[in-house]
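Step one of this worksheet: look at the structure below.
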Amino acid sequence: MGAGHAHRLYLPGASPVHRLPPQCKLVAVLVFVAAVVATPRERIWAFAGYALLLAAVAAVARVPYGVVLRRTLIELPFVVFALLMPFVASGERVTWLGLSVSEAGLWGAWNILAKGTLGVVASILLAATTEPRLLLLGVERLRMPQPIVQIAAFMLRYADVVAGELRRMRIARASRGFEARDVRDAGVLARSLGALFLRSYERGERVHLAMVSRGYDGRMPAWHAVGATAAQWTAAAALPAAAALIAAAAWIIP
Amino acid sequence: MHVPDGFINAPVSVAAGVVAAGGVAVALRGARRELDDRTAPLAGLTAAFVFAAQMLNFPVAAGTSGHLLGGTLAAILVGPYTAVLCMAVVLGMQALLFADGGLSALGVNITIMGLVTVAVGYGVFRLLLRVLPATRPAVTGAAFGAALVSVPAAAAVFTLIYAIGGTAEVPIGTVAGAMIGVHVLIGIGEALITSLTVSSVLAVRPDLVHGARGLLRKPELRTRAASGAGA
């Protein structure tokens with residue numbers, strides 16, 4: 001159960017990271033995450049290296065460290081899972097801080113915490129420096145099929161509208177004295193959801209009619225192009241190239 | 001539960017990514033049959049609905065709360081293909097914009113929470129409808145059963161992926177027991193909300209419930225002659 005997605009992560013700014021074309025940043029983050037995931041977990045120094053790289057990116061992008069740390073809370077459920085691991089994993093047991101724990105489990109917990117946190121921080125930096133709309137353009141430039149991009153664009157455009165309806169329903173329920181206390185109140189919440197679905201779907205029908213009346217034929221008109229120059233690709237490659245070097249070193253150096 | 005990076009090893013993540021991409025490609029073709037050129041706005045708004053529905057927390061017990069996954073609900077309401085697209089888009093946006101779920105684990109997340117919940121949920125729903133009478137309580141019951149099964153099924157597939165590509169040596173029996181046990185409980189909440197939501201849509205616009213289309217008649221608007229004077 002993730003936490004609610006109450007607010008977007010984007011932080012407006014004009015840093016060099018903000019100005020890079022979205023497709024360059026997407027590829028950079030994907031390669032970075034792939035390098036992190038493929039690194040053997042015993043090379044603790046490699047993960048320290050990755051963390052330094054991300055810290056450098058955050059500094060260049062002027063994203064405050066506190067903001068990044070607060071947003072990593074989203075992976076909390078899996079941290080709980082990771083912390084349980086040393087106690088339930090099999091294999092040789094070692095005594096650590098007076099507790100008998102599994103050595104393999106400790107490594108497993110470290111593996112999940114390190115790789116998961118690095119992945120979350122990389123995603124946070126991407127989302128903090130790239131407007132959602134531009135991220136979609138980047139996804140489109142990377143040859144994602146048009147219909148998927150369109151669905152995502154509509155979802156983004158109307159997510160706040162639909163969430164707003166949900167909020168107004170909650171206020172309406174509350175002002176009539178409703179407070180969800182236990183399972184027996186599920187019926188009221190479900191009726192809200194049913195109404196929300198009808199409103200969303202019917203809004204979709206109206207949007208479609210409005211689009212057809214403006215000449216929609218299944219394709220969206222071209223959005224403004226976001227081309228990337230070789231220099232921009234090179235600049236964006238700094239992070240994944242450094243990460244790939246660390247990963248390669250981690251595999252070669254015992 | 002969005003799987004983060006590093007939980008599943010790289011080769012299995014890539015394999016799950018291929019499975020997810022294949023599933024989404026099939027869904028793209030199928031959704032055009034379900035919705036034709038209305039696909040983008042309707043699937044987009046349904047995705048926004050699923051996204052918002054996941055923000056609605058419902059109390060479970062003793063101060064804890066859960067929220068809907070929505071795979072089965074979306075499948076019953078808009079059809080399985082469109083539902084897969086919606087879930088894939090929602091999961092992708094959550095990974096990209098909210099860092100919820102690792103980018104390298106996106107394939108795993110789409111496979112579990114998109115493909116499995118939709119396929120199992122919709123399959124069970126149609127099977128139940130075949131043996132149940134065509135009434136609103138029966139459709140509601142079928143939705144309950146479908147959602148109830150879909151969540152532990154997703155947990156079982158997660159356990160399977162974990163057994164192949166998990167990065168920690170937890171005995172697989174322990175993982176299976178814990179995951180499926182917890183998710184049976186989550187499944188009850190999911191089933192309750194899914195069935196009640198389907199029921200409330202059925203009461204107003206039965207024609208919009210894709211999974212039960214043609215099963216129930218649209219409610220007629222009846223006017224009754226006023227009896228007596230002054231009514």
### Query
How far apart, in nm, are the 7 Å Cα→Cβ label points at A:Arg70 and A:Arg19?
2.8 nm
### Message
What figure, in Å² to the nearest 10, do you get for the accessible area of B:Asp100 with a 1.4 Å probe and non-protein molecules left out?
### Response
10 Å²
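Per the helix-only calculation at 222 nm, which mean residue ellipticity applies to chain A, given -39500 (n - 2.57) for every DSSP H run of n ≥ 4 and division by its residues, nearest 500 deg cm²/dmol?
Calculated mean residue ellipticity at 222 nm is -23000 deg cm²/dmol.
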### Query
Which residues make up the longest stretch of chain B clear of trypsin sites (Lys or Arg not before Pro) that lie in a DSSP loop with no more than 16 other Cβ atoms within 10 Å, not counting the sites?
B:1-212
#### Entry: Shielding score for B:28-34, defined as the mean number of other chain Cβ atoms within 10 Å
1
### Query
Other chains' Cβ within 10 Å of A:36-48 residues: what's the mean?
2
### Task
Please say if the range A:139-213 is rounded, prolate or oblate, where rounded means a/c under 1.5 for a ≥ b ≥ c the square roots of the C-alpha gyration tensor eigenvalues, and otherwise the choice is prolate for a/b larger than b/c and oblate otherwise?
prolate
### Query
Volume per residue, Å³, of the convex hull around the alpha-carbon atoms of the range A:23-158?
146 Å³
### Query
What percent of all Cα-Cα pairs in the range A:93-251 falls in each 5 Å bin, counting up from 0?
2, 6, 8, 11, 11, 10, 11, 11, 10, 9, 7, 3, 1, 1, 0
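Which residues make up the longest stretch of chain A that has no GluC sites (Glu not before Pro) in a DSSP loop with at most 10 other Cβ atoms within 10 Å?
Of all site-free stretches, the longest is A:1-91.
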### Query
Which value, in debye to the nearest 20, describes the size of the charge dipole of the protein assembly as shown about its Cα centre when Lys and Arg Cβ atoms bear +1, Asp and Glu Cβ atoms bear -1, and nothing else is charged?
1460 debye
### Query
If one takes the longest principal axis of the Cα atoms in chain B, at what angle in degrees, from 0 to 90 and to the nearest 10, does the Cα axis of helix B:10-35 lie?
20 degrees
### D_trans [Stokes-Einstein, Kirkwood Rh over alpha-carbon pairs] for chain B, 20 °C, 1.002 mPa s, µm² s⁻¹
115 µm²/s
### Message
Net charge around A:Ala35, counting only other residues with Cβ within less than 15 Å of its Cβ (Lys, Arg = +1; Asp, Glu = -1)?
### Response
+2
## Note on the structure
Here the alpha-carbon Rg of the protein assembly as shown over 2.2 N^0.38 Å rounds to 1.03
### Task
Would you give the gap between the C-alpha center of the range B:74-152 and the C-alpha center of the range A:142-218, rounded to a whole Å?
17 Å
### Query
Which of the trypsin sites (Lys or Arg not before Pro) found in the range A:164-254 are in a DSSP loop and have at most 12 neighbouring Cβ atoms, other than their own, within 10 Å?
A:Arg176, A:Arg181, A:Arg214, A:Arg219
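The values are calculated or read from the model by the stated rules, or taken from the named source; none is laboratory data. Please read these numbers as outputs of a predicted model, since none were measured by experiment. Cβ coordinates were reconstructed from backbone atoms using ideal geometry, including for glycine residues, and neighbour counts include every protein chain displayed. Please note that ligands, DNA and RNA were not included when accessible areas were found on the heavy atoms of the full protein model with its side chains. Shrake-Rupley method; radii C 1.70, N 1.55, O 1.52, S 1.80 Å.
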